[in-house]
1. What spacing in nm lies between the two simple spin-label points modelled at E191 and R328, each 7 Å away from Cα in the Cβ direction?
2. Using 0.36 nm times the number of residues separating L245 and E389, minus their current alpha carbon distance, what extension gain do you get?
3. Size of segment 244-440 along its principal axes in angstrom, Cα-based, largest extent first?
4. Enumerate the amide H contacts of V343 below 5 Å, restricted to partners 5 or more residues apart or on another chain; note that Pro and chain-start residues carry no placed amide H.
5. Compare the peptides 278-284, 375-381 by average per-residue count of other Cβ atoms within 10 angstrom and give them in order, highest first.
6. How many angstrom separate the Cα center of segment 254-313 from the Cα center of segment 347-389?
7. With a cut-off of 8 Å between alpha carbons and a minimum separation of six or more residues, what is the relative contact order of segment 244-440 in percent?
8. FRET efficiency for A376 and R198, Cβ-Cβ distance as r, R0 = 30 Å, nearest 0.05?
Amino acid sequence: MRRAARVPEGRVERFARLGSMLAGIAGEATLEALRRVAGRGETEGSLMATPANAHRVTETLADLRGAAMKIGQLLSLQGDDLLPPQFAEILSSLRDQAFFMPEAQVSEVLARELGPHWEARFAEFDFEPIAAASIGQVHAAQSVDGRDLALKVQYPGVSRSISSDVENLALMLKLSRLLPAEVDYSVLVPELKAELRREADYRREARNTERYRRLIEDDPGLRVPRVHLDLSTRHVLALDRVHALPIEDLRAPEHPQERRDRIGASLVRLVFRELFSFHFMQTDPNFANYLFEPKDERLALLDFGSARSFPPEFADTYRRLIIAAVERDHRTLLVLAAELGFVRGEESLTERAVFVELCELFAEPLREPGRYDFRASDLAARVRKRSVEAFTEYRFPQPPTQTLFLHRKLAGSFLLCSHIGASVDCHAAYQQWVLDRGSP
């Protein structure tokens, strides 16, 4: 479904596209009701959540890009727990596709950002993007002085439309009843706006990238591309171009198990270092943000728009929480959970037991000595199922914002290790980075 399509820039135009989507959803629901009366439609399930409506939503969000598409991608990651199965399956295509800007629109953006004669700054520039995502697209380029670059160009109007996109899409999802009634929009909307504004600021991302590159420069198994500030602005980011394989390629049989295990161990070690050593974490574990360089046997890490700092005192409390979960010290676990805001401290015995069970599930890979086989584990499905049950039946408090992003990284790293089929001694990593605080 990749094709060139102009990005709608104005708020009125973007709202009209969403309004048209909502009208189409309602019309399809009416047709589905008539089909059911005639005995030719589905016998159960939402009238709204039909395959036709799923395609309609996916096409609209892919066309709009920006905040609207980003929200669709985030929803698709929730899978069948939040969305009807057919809807979740079709919406998941948003994670792999995006329309890209036509040449004329790319030229307009670069002229605004780099000057009217921007072409003179490049010896080569490929208008066909090598990647297209929700916030921007990436072009291969070579500067006039010979630097091999990946130029990240933000879609026009994205930063200006964040607030209206989030509010309008949340309203339409609520009106269309495509999401469960218990989804708390009042909590989600402000945080989504703040996160997307951070991601849309490429100057901030440039600072994050350089900071992270310095933090991992002592690890030969990792690489972060350099930023080229002379060709970067708030809406354009110039980086070293990385010539590497998608990390999913490690699933192929030509890659030995030892390589998959080594990369998995590097991912596990990195998460612990980010939280307990750097106090700075890249919190978007999208598979596209990890590339494998076969020549140097290392991972290249991309996209630091969603990166955040964690106060040392928070990291230390979280470290002690992990220890309590691994050692099944339930009393300490509940005290620390209250400090972090996961529980209120006034839960019933049943609610406390449910929370303890969830924490022990999270700690499963760290508990037993020896290698943990991510590929054979069904832990992600068990955690997701139990979490949905717990937070719908027992109404635990909304977790603090910083832990939402931390847990996104933890869950994403687990899924990434599972995806490449890694087997890792997580207990040894736990001993080094949690118990011994990174001692050699």
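1. 3.1 nm
2. 48.0 nm
3. 55, 32, 31
4. Close amide H contacts, sequence-distant or interchain: A338.
5. Details: 278-284: 20.4, 375-381: 12.9.
Highest to lowest by the protection proxy: 278-284, 375-381.
6. Centre-to-centre distance over Cα atoms comes out at 22 Å.
7. The normalised contact order for segment 244-440 reaches 33 percent.
8. Given R0 = 30 Å and the Cβ-Cβ separation, E is 0.25.
Coordinate-derived values only; no laboratory data. Bear in mind that the values here come from a model prediction, so they are computed numbers and not experimental data. Note that we place each Cβ from the backbone using ideal geometry, even for glycine, and neighbour counts take in every protein chain shown.
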